[in-house]
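The values are calculated or read from the model by the stated rules, or taken from the named source; none is laboratory data. Computed from a predicted structure; not experimentally measured. Note that each Cβ is placed from the backbone with ideal geometry, even for glycine, and that neighbours are counted across all protein chains shown.
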Amino acid sequence: MSTFERDVTARLQHLVKTARMWGSPEELEAAALHLVHVRRLHRAPDTTLDDTFAFWRTCGGPFADDPDEHARMRSQLFGADDALARGQVLTGFAVVWTTLERTPEREAAVAPWLEPLLDDPTPAGTPDRLNAVLFTLMGFVAAQPERYVEALSIERARIGGHALRPLHVVAPPGPVEAALGWTRSFPSFARVREGLNAVLRALGEPPT
């Protein structure tokens, strides 16, 4: 196993341990799925996202549920302004990416997937999931995580995101419930954690 694969495994294990720090189960699962995808791409460069989805299904995924609660969350985050929210997310991360100090090996493995997402974010899904995916992939590449977080904070303030939702870089103009992800009821967090452990086992790695 390469150093890169071991590092991805450690990050996946960290996601399991910190599951409830994420805004919602769907955001957590999206972040993990795209991490697994870059791990699989590292070993087989012709792997498609559909291939990774198929692998995910063999592990029992998708794991996140609570569709009504997720819909209510998104109605407060960006409502009908889906395109605006997605554009803000892309703008914020694109600016950070241009000046980000990067770990070379991780950049070589992650950038071939991350940079196309900045051009066409469709595979990442809704703006909140896109945000979680870019946050995770870019943070994994960052050579100095503290400076990465600082850069995100600057972009959040510049574009209009809420400082009290630190895992979300930007949000559309208007009222935002700061503690949205922590005040909502998402029973499927537990299921996602169990599912990610199943993914780790399928990858031949120890669960958390």
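Output yes when any residue across the stretch 174-184 is surrounded by fewer than 20 Cβ atoms within 10 Å (Cβ to Cβ), part of a loop (DSSP other than H, G, I, E, B), β-branched (Val, Ile, Thr) and modelled with pLDDT of 90 or more, and no when none is. Checked against the condition, which is being surrounded by fewer than 20 Cβ atoms within 10 Å (Cβ to Cβ), part of a loop (DSSP other than H, G, I, E, B), β-branched (Val, Ile, Thr) and modelled with pLDDT of 90 or more, the stretch 174-184 yields no hits at all.
Does the stretch 40-69 hold any residues that are free of Cβ contacts under 8 Å to residues at least 60 places away in the same chain, in a helix (DSSP H, G or I) and buried (at least 16 other Cβ atoms within 10 Å of the Cβ), and which are they? Result: ARG40, THR52.
In the set (1) under 23 Å from VAL199 (Cα atoms); (2) part of a helix (DSSP H, G or I), the condition left unmet by ALA83 is number (1). Taking the criterion of being under 16 Å from LEU33 (Cα atoms) and either free of Cβ contacts under 8 Å to residues at least 40 places away in the same chain or not in a helix (DSSP H, G or I) (or both), the residues of the stretch 118-147 that qualify are PRO121, THR122, GLY125, THR126, GLY139. Total residues in the stretch 1-24 satisfying the condition of being modelled with pLDDT of 95 or more, surrounded by fewer than 19 Cβ atoms within 10 Å (Cβ to Cβ) and within 15 Å of ALA64 (Cβ to Cβ): the figure is 0.
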